[in-house]
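What follows is a short report on a single structure.
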Amino acid sequence: MTAALKVVRAGLFDTLQDLGRMGFMALGMPTAGAMDRIGLTLANALAGNPASTAGLEIGVMGPDLLVEVDSVRVALVGPLSPSLIEGPDAPPKPLESDRSHLLKRGQILRVGMIEGASTAYLTVAGGFALPPFMGSLSTYSRAGIGGFEGRKLAAGDALPLARETAPGGDERKLGQAFDYGSGPIRIVWGPQEDYFSEAGRRTFVEAEYRVSKEADRMGIRFEGPVIEHAVAVDKGGADIISDGIGPGAIQVPGAGLPIVLLADRQTVGGYPKIATVASVDLPRLGRLLPGQAVHFAAVAVEEAEKLRRDQEARLQRAIAGFVVARPAGGIDLVKLYEENLIDGVVYDRLSD
Amino acid sequence: MALHTAIVQARDAGEIPGIVETVPTMRSLMVTYDPMAISRAELQPQVDALVARGLPAGMKSRQVTVPCCYDDPEFAPDLEEVAERTKKTTDQVIADHLASSFKVYVLGFMPGLAYVAGLDPSLFLPRRSQPRVRVPRSSVAIAMDMTTIYPFESPGGWHLIGRTPLWMFDQRREQPVFLAPGDSLSFQRIDRKTYDRIAREVEAGSFDWSTLVKSK
């Protein structure tokens, strides 16, 4: 039997993503990759994987996955309603998010709904046994490349796993939820802030903008007050000679509403970019839902760099602070039966 | 383009740490860097030094022909509006598009999308003020002084005046991206029947692409 997780019911938009397909933008190749780099990194660390391992990015509602391998360790990260694990001869049991779990052949993992965010992550210890395309497993579904057949998962897909059995060791969980920050989204002005009037720039950082329904892995169109261009739109004020679009670039076309460009963004574009989201806050944008409101606040490049370094240090501390996960009561009966049948006795280390 | 090559060479030689990638365009070069490895204040003088050192040059070029069907209104939803705004007949718009001497400058926006300059000046128009949410794959479009061909269905703000049966990106091909910077390009008008035939061959992977390319 092939070592695999089989999709018995697809979620809404589940794709394999790693940290991105870097280095080919000059050929027009978007980077794709995780919308929330922090969530994927935590999920990989919980599964014991290097940060660059591809995991399943779950959009809105997760899939049901049948375990077709002797054992597999999975980690779930994100604000999921309780997921369920059920076996052929066992009642469904809830599984918490933000921790790892050991699953056995024949069990079905029913991943929960995401509540209050747009993305969550599922990783497997050892990763998926799929061939990278241009150095990455990130799915870019618009071109049908990467991940599993270049597309979101569908019922019947069997995701091949690199390991036949889960590695040994305890299950781990996040000490406390990672703080993504809650103030304004930090931005750095430019590269074309001079295409906007002073009033237009002020509108952008003072007004509230709402995520419209047109929000996906490519980017988010915001609704809110119109940002004034410096030169009238019918005189070319919203046209530039196309140039490169970095992660988090904020285009403002002639209609005057900002579009923040994210993982699946085009590599170049011809609308002026008023600002660029500081990389520290890209994971927050990757989690926004339609209807949510944000403010933008400008910081200097040096400040943006420092914020990102501080966040990375906090992320490493969160990973160093993982705790051994034990269910309430201290003894994991499933583990007891599955792993300690030799002498029938197990000691609960945490209550020593 | 030359600075792009110089930076990639310097990065690969280990001379500049922290560069993620670079994107050359007609107006500028975007350099993406990892703030965990280098700061902008450290990076900028190193890029400036590369410019001062002198840049590598030159690449060879090809003459490429792209068949295009302008006749079906589904393929060319903006043709009449372009004709109206440029005060021409639709046939004149098509003739001027066919007569333009195009050159591929930059690939970008998405895999295989070429920015092709050289459009006849009488056809210059700004982009649409509200981009379309969905532009069909292989649409041929114009905006400003350029033409382009959409490699995938995607959002887009250019004026759609025709469609080619070719795919600008096909991962089954050894070189998935058809056009390259520096290519000279001209369009060849085809009718709907020819479009359908070529489209079937492209889809089946049996189309002979070499007939469209001549070395200069």
* Rounded Å value of the spacing that divides the Cα centres of the stretch A:125-162 and the stretch A:164-202 -> 25 Å
* Pick from A:256, A:224, A:23: which is most flexible by mean-square fluctuation in a GNM of chain A where alpha carbon atoms under 10 Å apart are linked? -> A:23
* Taking only Cα atoms, what is the 0 to 90° angle, nearest 10, from helix B:90-99's long axis to the longest principal axis of chain B? -> 40 degrees
* To do: Taking chain B as the reference, fit the longest principal axis to its C-alpha atoms, fit the long axis of helix B:40-53 to the helix C-alpha atoms, and give the angle between the two in degrees, 0 to 90, nearest 10.
  => 80 degrees
* So what J values fall out for the stretch B:138-149 if you push phi through Karplus, 6.51 cos²θ - 1.76 cosθ + 1.60 with θ = phi - 60°, rounded to Hz, Gly and Pro as x? -> 6, 5, 9, 9, 10, 6, 6, 9, 10, 10, 8, 10
* Structure fact -> Result for chain A: accessible area per residue, probe 1.4 angstrom, in square angstrom, of 41 Å²
* **Within 10 Å of each Cβ in B:113-123, the average number of Cβ atoms from other chains** => 1
* Structure fact -> Checked against a 30 Å limit on the C-alpha separation, the offending pairs among A:104/A:152; A:213/A:273; A:273/B:214; A:213/B:103 are A:273/B:214; A:213/B:103
* **Cα coordinate range in the protein assembly as shown, projected on the principal axes (Å, largest first)** => 88, 54, 47
* D for the stretch A:222-310, whole µm²/s, Stokes-Einstein with Kirkwood Rh over alpha-carbon pairs at 37 °C and 0.692 mPa s: what number? -> 232 µm²/s
* To do: Please average, across the residues of B:15-23, the number of beta carbons from any other chain that are within 10 Å of each residue's own beta carbon, and give a whole number.
  => 4
* **Relative contact order (percent, whole number), the stretch A:185-308, Cα cutoff 8 Å, 6+ residue spacing** => 37 percent
* Structure fact -> Result for interface chain B to chain A, accessible surface buried in total, 1.4 Å probe, Å² to 100, stands at 3500 Å²
* Asked: Hey, got a sec? Which trypsin sites (Lys or Arg not before Pro) in the stretch B:41-140 land in a DSSP loop and have at most 12 other Cβ atoms within 10 Å?
  -> B:60, B:87
* To do: Compute the longest continuous run of chain B that contains no exposed GluC sites (Glu not before Pro); treat a site as exposed when its DSSP state is not H, G, I, E or B and it has at most 12 other Cβ atoms within 10 Å.
  => B:75-173
* Name the residue, out of A:77, A:124, A:188, whose mean-square fluctuation peaks in a Gaussian network model built on chain A with Cα pairs under 10 Å. => A:188
* With both partners inside the protein assembly as shown, how many of the DSSP beta bridges are antiparallel, as a percent to the nearest 5? => 90 percent
* With contacts defined as alpha carbon pairs under 8 Å and 6 or more residues apart, what's the relative contact order of the stretch B:73-216 in percent? -> 24 percent
* Asked: Using alpha-carbon pairs under 8 Å, 6+ residues apart, how would you state the relative contact order of chain A in percent?
  -> 19 percent
* Share of chain A's accessible area from carbon and sulfur, percent, 1.4 Å? -> 56 percent
* **Global form of chain B, assessed from the alpha-carbon gyration tensor, a/c cut-off 1.5** => prolate
* Residues of the stretch A:240-285 losing 50 Å² or more of accessible area relative to the isolated chain, 1.4 Å probe, heavy atoms only? -> A:241, A:242, A:268, A:271
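How long are the semi-axes of the equivalent ellipsoid of the stretch B:1-73, defined as square roots of 5 times the Cα gyration tensor eigenvalues? Whole Å, largest first.
Details: eigenvalues 229, 54, 22 Å².
Semi-axes from the Cα gyration tensor: 34, 16, 10 Å.
Cα convex hull of the stretch B:1-40: how many Å³ per residue?
Cα convex hull per residue, to the nearest whole number: 57 Å³.
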* Structure fact -> For the stretch A:4-42 the residues that are at least 20 Å² less accessible with all protein chains than alone, 1.4 Å probe, are A:22, A:23, A:25, A:26, A:27, A:28, A:29
* Please average, across the residues of B:25-38, the number of beta carbons from any other chain that are within 10 Å of each residue's own beta carbon, and give a whole number. => 5
* Asked: Exactly which GluC sites (Glu not before Pro) in the stretch A:128-184 are in a DSSP loop and have at most 15 other Cβ atoms within 10 Å?
  -> A:149, A:164
* Asked: How long are the three semi-axes of the equivalent ellipsoid for the stretch A:34-180, computed from the Cα gyration tensor as the root of 5 times each eigenvalue, in whole Å, largest first?
  -> 21, 18, 16
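The values are calculated or read from the model by the stated rules, or taken from the named source; none is laboratory data. Values in this document were obtained by computation on a predicted structure and should not be read as measured data. Every residue, glycine among them, receives a Cβ derived from its backbone with ideal geometry; neighbour counts consider all protein chains shown. Accessible surface areas use protein heavy atoms only, side chains included; no ligands, DNA or RNA. Shrake-Rupley method; radii C 1.70, N 1.55, O 1.52, S 1.80 Å.
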